[in-house]
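No lab work stands behind these numbers, since they all come straight from the coordinates. A quick note: this is a predicted structure, and the numbers were derived from the prediction, not measured. Please note: Cβ atoms are built from the backbone with ideal geometry, for glycine as well, and neighbour counts cover all protein chains shown.
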Amino acid sequence: MDLKNFFEPKVIAVIGASRNPRKPGNIILKNLVELQYAGNIFAVNKKAVEVLGKKAYLSVKDIQEQIDLAIIATPAQTVYNILEECTAKKINDVLVVSAGFGEAGNEKEEEKLRDLIKKKKVNVLGVNCLGSYDAYSGLDTIFNPRERMDRPKKGGLSLVCQSGAIGSVILDMMAKENYGLRRFVSYGNATGLDESDFIEFLGKDDKTKVIGLYLEGIRDGEKFLETCKKVSKKKPIIALKSGSTSKGAEAAKNHTGVLAGNIDVYKGIFKQGGVLQVNTIEELLDCARIFERSKPIKGNRVLVITNGGGLGIMAADEISMNGLELAELSQASKEKLKGKLSPFANLRNPLDLIGDANDDHYKAAIEAGLEDGNVDALLLILLPQTPTITINLLKVLKNIYEKSNKPICLVIPGGSFADTLKREVEEFIPSFSFSTNAVLSLKELVEYTKSSKEKEQD
């Protein structure tokens, strides 16, 4: 199934293009116009002559050009007739942001809409969804104003979110932390297209390196399982599943009109499908970044390098508790380091460079870890508060990482200065505030690698 028009349409019609700046139809049109989206944009409004400088058409049928993507942002009771008009004009891809269907107790109207979708064989995203966003093409159909919700830069993570609210939070967080995005889609009630359709589509997209999911429920478990089995062989799929309690499941039914189901059943489906399950938004983003940026990992042996002994001990605990191993540097590596580090440095693991460690000390320790056959991954802990560390260390890290053949995670704890460094270094290496997050991400990387190898042998 080709869903490209939801991300790179050449001709767009915004149906319900309102003059009210608070209405979704106005915000969507405004985003497209002000950002100067490369495609041709048409406004449809029965009560206006012009909206945001665009001629307003009474109906989509009055537009002479063939439409690649129709966006419906009108009251629920009008959607069926408008969709009929779209199909009559042979528009194959339609995005419906309108709410007020199954999630609001109006199941009959949504079922009627679903029947029309099946009959006309049209691709419908929604209903009750936030929209879609492509960081590369610049398509922005999200109805949250840009001054209230930032959009992320270009990257390799694509997000498929059932909830528009969760999706908006994730996108805003990603922009704040300087994380990269390929594509985003919120599919709401899945009246037409569902999560499996987009997983399959993104699985064939070269720029998508990792697929992230937020799920409340799945309508077709068998379809989801078979799709994930196929796609997870090529790229990681990370899922955050809500509605794991009875009250949460009830809330999910009221939100998108789907049954959340038993969490143990979902765990089984995820495992069979090769999907990595996480418990928080933060975990989803952490895992996505390490999968997107990291080099292949051969085993579970981790070398901790730190200029703060206490933080190194905490990292060692995290590694042990998560089923990873503390790597033991070879004697050859230790001998090589003796003349390059402080005489008071601890050459065991955690490799404690002590508080007066400088840029050269880190460089020597990292290079030794990368060259040592006993080490599968490096966890770097950097306390930037010490005066012996300079901003030049970031350049050193970048040069080393580009040439490395092992995963490297960077932990920079602290306040505003630490946050500034993390955002800068995020351009080339996954960075974290705490070792807990870094270790959990490494654990998922190890498990995914192990699972992938097992699939190859099957």
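Once the Cβ-Cβ distance between ASP419 and ALA88 is put in as r, and R0 is 51 Å, what FRET efficiency do you end up with, to the nearest 0.05?
Using R0 = 51 Å, I get an efficiency of 0.45.
Given R₀ = 51 Å, FRET efficiency for GLN36-GLN331 by Cβ-Cβ distance, to 0.05?
For R0 = 51 Å, the calculated efficiency reads 0.25.
What whole-number distance in Å separates the alpha-carbon centres of region 24-83 and region 362-385?
Measuring centre to centre over Cα atoms gives 54 Å.
Below 18 Å Cα-Cα, how many Lys pairs turn up in region 404-458? Only count pairs eight or more apart in sequence, or on different chains, if you could.
Close lysine pairs found across region 404-458: 4.
If neighbour count is taken as other Cβ atoms inside 10 Å, put THR227, THR449 in order from fewest to most.
THR449, THR227
Lys and Arg at +1, Asp and Glu at -1: add these up for the other residues within a Cβ distance under 13 Å of GLU65 and post the number.
+3
How do the peptides 101-108, 181-188 rank, highest first, by the average count of neighbouring beta carbon atoms within 10 Å per residue?
Final packing ranking: 181-188, 101-108.
Can you list the residues of region 314-343 with backbone N under 16 Å from a point 7 Å past the Cα of GLU371, pointing along Cα to Cβ?
Answer for this model: 329-341.
Between (1) 147; (2) 124; (3) 138, which entry matches volume of the Cα convex hull per residue in Å³ as derived from the coordinates of this structure?
Given (1) 147; (2) 124; (3) 138, the calculated one carries the label (1).
What is the local net charge at ASP2, summed over the other residues whose Cβ is closer than 12 Å to its Cβ (Lys, Arg +1; Asp, Glu -1)?
Summing Lys and Arg as +1 and Asp and Glu as -1 gives -4.
Set the Förster radius R0 to 30 Å, insert the Cβ-Cβ distance between LYS233 and GLU107 as r into 1/(1 + (r/R0)^6), and round the FRET efficiency to 0.05.
After rounding to 0.05, the efficiency reads 0.20.
Check the straight Cα-Cα distances from LYS340 and name the aspartates and glutamates below 14 Å, setting aside those fewer than 8 residues away within the same chain.
Cross-link targets: ASP352, ASP356, ASP359, ASP360, GLU367.
As a check on your grasp of the helix formula, calculate [θ] at 222 nm for the chain: sum -39500 (n - 2.57) over DSSP H runs of n ≥ 4, divide by the residue count, round to the nearest 500.
One gets -12500 deg cm²/dmol as the mean residue ellipticity at 222 nm.
How far apart, in nanometres, would the label points at GLN385 and GLU222 be if each is projected 7 angstrom from Cα along the Cα-to-Cβ direction?
5.9 nm
Order these peptides, 44-57, 354-367, 129-142, by their mean beta-carbon neighbour count within 10 angstrom, highest first.
129-142, 354-367, 44-57
May I ask you to compute the full-extension gain from LYS363 to ASP317, defined as 0.36 nm times their residue separation minus their alpha-carbon distance, rounded to one decimal in nm?
14.1 nm
What order do you get for ILE281, ILE67 when you list them from fewest to most C-beta neighbours inside 10 Å?
So the residues, fewest neighbours to most, are ILE281, ILE67.
At MET149 and GLU65, where each label point lies 7 Å from the Cα along Cα→Cβ, what is the point-to-point distance in nanometres?
Result for the modelled spin labels: 2.6 nm.
For ILE391, ILE305, ILE400, what's the fewest-to-most ordering of other Cβ within 10 Å of each Cβ?
Ascending number of Cβ neighbours within 10 Å: ILE391, ILE400, ILE305.
So which helices of the chain fit the span-like rule, where a helix is a whole DSSP H run, its Cα atoms reach 24 Å or more along the axis, and its mean Kyte-Doolittle is at least -1.0?
Those that pass (Cα extent of 24 Å or more, hydropathy at least -1.0) are 435-457.
Volume per residue, Å³, of the convex hull around the alpha-carbon atoms of region 149-293?
Spelled out: Cα convex hull of region 149-293, divided by residues, is 97 Å³.
So how far apart, in nm, are the two label points at ARG22 and ASN346 if each is 7 Å from Cα heading toward Cβ?
6.0 nm
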